[in-house]
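Following: one structure in structure tokens, then a few remarks.
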Amino acid sequence: MSRKRETMTQGKKNIIQALLEEYDIKSAEDIQDALKDLLGGTIQSMLEAEMDEHLGYQPYQRSENNNARNGRKSKSVRSKYGEMEIDVPQDRESSFEPQVVRKHQKDISNIEDKIISMYAKGMSTRQISEQVNDIYGFEVSEGLVSDITNKLLPEIEEWQQRPLSAIYPVVFIDAVHFSVRENNVIKKLAAYVILGINEDGRKEVLSLQIGQNESSKYWLGVLNELKNRGVKDILILCADGLSGIKESINVAFPDTEYQRCIVHQVRNTLKYVADKDKKQFANDLKTIYHAPSESVAHERMLEITERWQEHYPNSMKSWSVNWDVITPIFKFSTEVRKVIYTTNAIESLNSTYRRLNRQRSVFPTDTALLKALYLATFEATKKWTMPIKNWGKVYGELSIMYEGRL
């Protein structure tokens with residue numbers, strides 16, 4: 001339903017008429033210039049009024065106050081109408097603290113929020129600088145953009161160290177790869193997102209890690225960090241075949257069940273399958289992870305291996321090698337299996353991260369990547385307001401399967 005426009009009052013009509021006459025307005029650009037001039041004049045008047053209140057008397061009045069006006073100091077400020085000069089009143093004791101435009105404040109356009117928003121969408125410092133100049137008509141250097149986004153770093157550190165829940169029924173670890181420049185050499189770095197489903201069935205990004213060398217030592221450090229932040233137990237940890245992850249889980253959370261990510265398992269299998277065979281092969285694989293029991297799933301795995309052996313002799317090898325970490329899902333009902341292998345939550349996050357990849361082919365530093373990931377994460381998780389589907393049933397089943405742990 002459209003909102004009814006308020007009736008134009010006579011006072012507003014008089015103001016508009018005066019504006020048209022005073023500024024000889026002929027175009028939209030003239031309106032912008034007029035508003036910029038009016039804004040500057042209004043700020044100037046407010047500053048003068050603030051000084052009157054600070055001193056306790058108006059100009060040219062007698063007063064016993066030892067403090068007095070001491071001229072004005074010119075200052076350039078940025079507004080959404082462009083850059084403007086204002087004259088800030090000064091006092092002899094330098095005790096005047098203006099409120100409308102504070103000391104050292106050079107921006108009244110909320111441009112910092114806009115810059116951070118643009119950075120969250122994957123724009124580079126150069127692109128942001130050019131965009132601000134195009135839209136707002138004043139220059140913001142790439143260095144200033146970097147300084148503004150660097151203000152996020154303490155916030156990111158605090159977020160990375162925040163206390164976590166004691167128990168997470170399910171935790172996912174997944175990776176997206178980015179190009180980062182280091183010493184004029186471009187290298188590929190994996191950004192790992194650790195996503196948990198808490199006891200209320202709500203999704204929560206626990207941590208973002210930018211890793212270089214996957215190993216048992218690396219993953220043990222990551223998992224110990226979760227423990228240090230309050231996590232005492234994880235029922236199921238779902239991840240791809242990350243180097244050293246299985247051994248690290250056994251040490252950090254010995255009671256946690258490691259589940260190989262079925263989505264990645266299927267993707268890795270189909271990676272080298274010809275396009276003409278992919279649909280049929282994918283349908284065959286579905287009969288494995290949809291099987292009613294582990295024994296039936298194992299039979300189907302052997303059948304599919306034999307069926308495709310001639311054309312793709314090594315395609316099913318990872319299924320037999322990793323069978324021990326593929327099988328935990330078979331003891332659960334369809335509802336719980338969907339939570340584990342239908343990784344919609346983490347896939348939606350990854351699609352957000354991949355947009356960063358499309359926007360910026362190379363990040364200048366690890367820190368720049370971390371800032372962009374942090375902002376993109378918050379943008380993506382705004383919609384996470386409800387528990388996952390059928391959580392009551394899932395929770396009930398998990399509490400029986402893992403008796404005494406929930």
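Odds and ends about this structure:
- Point-to-point label distance, LYS276-ASN183, nm (Cα→Cβ direction, 7 Å offset): 4.9
- In this structure, LYS393 and TRP159 have a Cβ-Cβ separation that, at R0 = 22 Å, corresponds to a calculated FRET efficiency of about 0.10.
- Under the Karplus curve 6.51 cos²θ - 1.76 cosθ + 1.60, θ = phi - 60°, whole-Hz ³J(HN,Hα) for the stretch 152-162, x wherever Gly or Pro sits: 6, 4, x, 5, 5, 4, 5, 5, 5, 10, 5
- At an R0 of 60 angstrom, the distance between the Cβ atoms of ASP240 and GLU53 translates into a FRET efficiency of 0.40.
- Remark: TRP159, TRP219 ranked as TRP159, TRP219, counting other beta-carbon atoms within 10 Å and listing the fewest first.
- If you plug the beta carbon distance of MET386 and ALA190 into 1/(1 + (r/R0)^6) with R0 = 41 Å, you get a FRET efficiency near 0.85.
- Maximal additional length on extending the GLU97-GLU85 stretch stands at 2.5 nm, based on 0.36 nm per residue less the C-alpha distance.
- Which label in (i) -0.72, -1.02; (ii) -0.94, -1.14; (iii) -0.82, -1.04 gives the computed log10 I(q)/I(0) by the Debye sum over Cα atoms at q = 0.11, 0.13 Å⁻¹: (ii)
- Packing-based exposure ordering (other Cβ within 10 Å, fewest first) of HIS54, HIS311: HIS311, HIS54
- Centre separation in Å (Cα based) which lies between the stretch 47-73 and the stretch 379-406: 64
- Cross-link table LYS227/LYS271; LYS187/LYS246; LYS278/LYS338; LYS278/LYS382; LYS26/LYS121; LYS188/LYS217, entries beyond 32 Å C-alpha to C-alpha: LYS227/LYS271; LYS278/LYS382; LYS26/LYS121
- Label-point separation in nm, GLU139 to LEU302, each point 7 Å along Cα→Cβ: 7.5
- Counting 0.36 nm for each residue step from ARG202 to ASP113 and taking away their Cα separation leaves a gain of 29.2 nm.
- Rounded to the nearest 500, the 222 nm mean residue ellipticity of the chain from helices alone is -15500 deg cm²/dmol, with -39,500 (n - 2.57) taken per DSSP H run of at least 4 residues.
- Summing charges over all other residues whose Cβ lies under 11 Å from the Cβ of TYR192, with Lys and Arg as +1 and Asp and Glu as -1, gives -3.
The numbers here are math on the coordinates, done by the rules we state, and not lab data. Nothing here was measured: the structure is a model prediction, and the numbers come from that model. Here the Cβ is made from the backbone with ideal geometry for all residues, glycine too, and neighbour counts use every protein chain on show.
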